[in-house]
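Have a look at the structure below before the remarks.
What follows draws every value from the coordinates through simple rules; no lab data is involved. Just so it is clear, the model here is predicted, and its values are computed rather than measured. Note that we place each Cβ from the backbone using ideal geometry, even for glycine, and neighbour counts take in every protein chain shown.
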């Protein structure tokens, strides 16, 4: 939905704006006025939210902060929230979510210019987008953005005693909170895990806070201490059970911590940010879920999803049945499919629905369609 | 007006489905012999190929397709975005010039000429290199919701959804199959000796010129299957009639929006400089130029001599290799410069387009030499020629085939006379 010129104004001016809008729409058809305006100013208010990369600053050997100047439609965020960024890599748009680390009031901080948003990401071997952002993104590139969202935020008033438990790039939402709220937090303990000292993102900034007594930082370095054993918390932060805890890191740590906090009888103290979607392992055949028709069918690896759906009585759009007419395209919400012509597997990686051709694809493991 | 044959379901829904033979090159079932001659007595250009050779062609084309599709990337994305950008700036610039189209300089209206030429080119680019190709899904792989087959609407009377059905689905699947591919003469032209002659075709040179001038509307009527509807209205179920009415309203709404833009709002804006009338004529001319140009390009794709048509029965259980073969033999190219290819929406590479309709259009030129080589190696005719040569041959064919085929021992005059008499008799008995 794009906000429309004059949609919320009333009175004679509102009427004029509405009239102007109708004329503009009549002039632009079959396109919309925005298609032309986007050519002139893609960052204007009212446009789909975009941003321009201002700087890519290395944080560690394989992590970098990407500073982006958002379009004028940017509505701001609450520290701890994330945004989705759509980046074109080899011509293909990929969407990913990243936590924001800049100051919410728009002032400059930590080298991030005023009015810019910042995310920090770590290149991981299979992470196409993170690798692209860290290694190949260049200033001046236009990216797609979404407004900030997420409930991994601090309450007001801030709790008296806080524990931040982070691992790897899981530090980012917490850094967003620290840069905005550290002054309001009386007692902060922070346990951060990283493979080695070189890999600690924001190390100098965190060490600075520690030295100044603003927070108590404990590092758990895999090459020194081994992967964090949660039992170690009793030594690192003996009063961890009394602290409101914000946790972000790899799935294994999240799962272990949820159990640990539950076992301690204080699961409500733990606030978790889960980022990495469950990874889809492509298989041969599997379950097709037609979400809106609430039908679930099993199909083998040689049956086109179109055929499987029709057999189950789902009203499937269809056409040539050989992959050339694109009349059967349906959004896939999650899962993996395999092209019956080439064997190529398409895995749904982001939370953006992916339009797929049902007539030439079979399910590969499982998939959910918006149908 | 264009009379399209009735909408035919692509596949019976009751048919049990195994693997669709068109999805993979592999034929275990014995394939029917390809006859050496066609109904009209012309030779079948693929009669000499064995089923193994045809499947070999299929494998080779699948490999080529994979190679190109795997290499799609930033360069291609930049290409289509650039074309879209150029087209939009050209359209805006031309429209701006037309605001002053009525202003005379030394007895001549420079802004009218510049604006009309620019708008004609912009409309052609929009319909051909952008609209046609985006709606084919050639750019869906970019996952850009603004340049996507499911979202694109084009500057043409026919709504995208209806055009995609009749073009992508019917025409591209059943290319040049007599009675299945409605594009073969659009139901009003006899462009192949194997099409049955009737009195209606006597006047087809007139139909043809009218069709070219009003091409966007005849495409709309054709996508709507107006002809089929009028012919069998009394036999249609209420459900079918309701669907037709829904589609018809969609077409009328689209035509209204298109006409309001070109013939009302833009001229009205020009009234400030006294250029309303000249802006109106500029829009009329630009639409006519676009209509005639697109029609000319399209008739060169399937109607010139040397291009084959196919019998309905020949595609029963058609394999992927056979489908590819039919696409190659059923299409013809236009030779020319790079600018020429862009202005035709790369439909000048009609053969390559028909083999791989979802391949980005900027790649057709790249694979054309390989396709030509493949066809020559298999002794298949790769039909190509300049636009003027190909278009002239079609115009001549339209004239020639307005008359019945020559038959040994019978004068064409007599065949026509006989048909006339039969028609008169039918009329009398109906009375």
Heads up, the stretch A:285-369 by the C-alpha gyration tensor (a ≥ b ≥ c square roots of eigenvalues; a/c under 1.5 rounded, else a/b over b/c prolate, else oblate) looks rounded
If you average the alpha carbon positions of the stretch A:19-93 and of the stretch B:373-399, how far apart do those two centres end up, in angstrom?
48
Percent antiparallel among DSSP beta bridges with both residues in the protein assembly as shown, to the nearest 5?
60
Cα gyration tensor category, rounded, prolate or oblate, for the stretch A:232-316 with a/c compared to 1.5:
prolate
With only helices counted (DSSP H, runs n ≥ 4, each -39500 (n - 2.57)), the per-residue ellipticity at 222 nm for chain A, to the nearest 500, works out to -6000 deg cm²/dmol
Determine the relative contact order of the stretch A:285-369: mean sequence separation of Cα pairs under 8 Å and six or more apart, normalised by residue count, in whole percent.
38
Percent of alpha carbon pairs in the stretch A:127-276 separated by more than 22 Å?
43
Across bins of 10 angstrom width beginning at 0, how are the C-alpha pair distances of the stretch B:119-158 distributed, in whole percent?
33, 52, 15
Counting only Cα atoms, I'd like the Rg/Rh figure for the protein assembly as shown, Kirkwood definition for Rh.
1.05
Checked the stretch A:50-145 with the C-alpha gyration tensor, a ≥ b ≥ c its square-rooted eigenvalues, rounded below a/c of 1.5, otherwise prolate if a/b is larger than b/c and oblate if not; verdict prolate
Of the candidates B:198, B:218, B:120, which one comes out as most mobile in a Gaussian network treatment of chain B with C-alpha springs shorter than 10 Å?
B:198
Once you wrap a convex hull around the alpha carbon atoms of chain B, what is its projected area averaged over all directions, in nm²?
25.3
Helix-derived [θ] at 222 nm for chain B: sum -39500 (n - 2.57) over DSSP H runs of at least 4, divide by residue count, nearest 500?
-16000 deg cm²/dmol
With springs only between Cα atoms under 10 Å apart, run a GNM on chain B and tell me which of B:368, B:63, B:220 wobbles the most.
B:63
At what distance in angstrom do the alpha carbon centres of the stretch B:111-168 and the stretch B:346-365 lie from each other?
16
Footprinting exposure proxy for B:201, B:186 (fewest neighbouring C-beta atoms within 10 Å first):
B:201, B:186
Alpha-carbon Debye profile of the stretch B:210-356, log10 I(q)/I(0) at 0.09, 0.16, 0.21 Å⁻¹
-0.47, -1.10, -1.20
Output for the stretch B:168-232 (equivalent-ellipsoid semi-axes, sqrt of 5λ from the C-alpha gyration tensor, Å, descending) is 18, 16, 12
What do the square roots of 5 times the Cα gyration tensor eigenvalues come to for chain A, in whole Å, largest first, as semi-axes of the equivalent ellipsoid?
40, 31, 19
Size of the stretch B:318-431 along its principal axes in angstrom, Cα-based, largest extent first?
59, 35, 32
Pairs of alpha-carbon atoms within less than 8 angstrom and 6+ residues apart define the contacts here; what relative contact order does chain B have, in percent?
25
